[in-house]
Amino acid sequence: MSSTVLKPGGLRLAAGALGLVLTGSAVASDAKKVAYGRHLSGECSACHRVDGTDNGIPSITGWEPEDFVHTLAFYRNGERNNPAMVSVAQSLDDDQMKALAAYYGSLPKAARSKKK
């Protein structure tokens, strides 16, 4: 019967390699979610500009994904009332909301404009 002996640092190396594999798959998953969100974003971008400009309709770029999903849920559940947003939010399932949140969260946050 043979036994395996780990050299000093061997366990750390193995754990680090496993971490890279797991992180790599998480990054790939996140990239797919962002790509799916970009695909879904056409309806949003018709009103909310991707460059972050606020022309009377608030910017949604750079939002924390959790805040983004919660805001859409408020519209979907009727806790916020804007006919266009209610319609959009009610047409999305949870995975689509998360994908949109990942995409818009990956974009640079809009710079605040100075009031004149």
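The values are calculated or read from the model by the stated rules, or taken from the named source; none is laboratory data. Since the structure is predicted, the reported quantities are computational estimates derived from the model, not experimental observations. Here the Cβ positions follow ideal geometry from the backbone for every residue, glycine too, while neighbour counts run over all protein chains shown.
Computed values, structure above
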| item | result |
| --- | --- |
| Tyr36 over 25 Å from Ala111 (Cβ atoms) and touching a residue at least 24 places away in the same chain (Cβ under 8 Å) | yes |
| Any pair with Cβ under 9 angstrom, 6 or more apart, that starts in segment 42-57 at a residue that is touching a residue at least 12 places away in the same chain (Cβ under 8 Å) and among the polar types (S, T, N, Q) and ends at one that is surrounded by 12 or more Cβ atoms within 10 Å (Cβ to Cβ) and outside any helix (DSSP H, G or I) | Thr53/Ser59; Thr53/Ala110 |
| Which listed residue, of Gly37, Gly52, Gly56, is among the small types (Gly, Ala, Ser) and at pLDDT 95 or above | Gly37 |
| Filter result (without any contact (Cβ under 8 Å) to a residue 24 or more places away in the chain and surrounded by 13 or more Cβ atoms within 10 Å (Cβ to Cβ)) within segment 59-91 | His70, Thr71, Phe74, Tyr75, Arg76, Arg80, Met85, Val86, Ala89 |
| Members of segment 50-106 that are of a type in the set (Phe, Trp, Tyr), in a helix (DSSP H, G or I) and under 16 Å from the mean Cα position of the chain (by Cα) | Phe68, Tyr103, Tyr104 |
| Search result, residues across segment 35-58 that are under 16 Å from Ala102 (Cα atoms), surrounded by fewer than 17 Cβ atoms within 10 Å (Cβ to Cβ) and among the hydroxyl-bearing types (Ser, Thr, Tyr) | Ser45 |
| Residues located in segment 38-49, provided they are touching a helix residue (DSSP H, G or I) at 6+ places or on another chain (Cβ under 9 Å) and assigned to a helix (DSSP H, G or I) | Arg38, His39, Leu40, Glu43, Cys44 |
